[in-house]
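See structure below.
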């Protein structure tokens, strides 16, 4: 559990990431929307400033964002 100022939370997340102990995080705030909004408004900009959180997606789909090829539709294979 990470508790602290936005800077302290960003420091902890960055430490775990930089040390190779994590490649992503799942957020589970104790309530919605308050703590989640606070994280997005205060911690995310700090992580973006450090180059640890994207500012925009690379595509319009998860497949594009992950750089995965689009498989051929099965109906096209049968034709």
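Considering segment 17-36, the residues that are at pLDDT below 90 and surrounded by 10 or more Cβ atoms within 10 Å (Cβ to Cβ) include one that is nearest to the chain's Cα centre (by Cα), namely 25. Each residue in segment 11-49 was checked for being in a loop (DSSP other than H, G, I, E, B) and closer than 30 Å to residue 69 by Cα, and 8 pass. Residue count for segment 50-79, restricted to those that are free of Cβ contacts under 8 Å to residues at least 12 places away in the same chain and not in a helix (DSSP H, G or I): 18.
Based on this model, can you work out whether residue 8 counts as free of Cβ contacts under 8 Å to residues at least 60 places away in the same chain, surrounded by fewer than 14 Cβ atoms within 10 Å (Cβ to Cβ) and part of a loop (DSSP other than H, G, I, E, B)? Answer is no for this residue.
The values are calculated or read from the model by the stated rules, or taken from the named source; none is laboratory data. What you see is a predicted model; the values in this text were computed from it and never measured. Neighbour counts run over all protein chains shown; Cβ positions are idealised from the backbone, glycine included.
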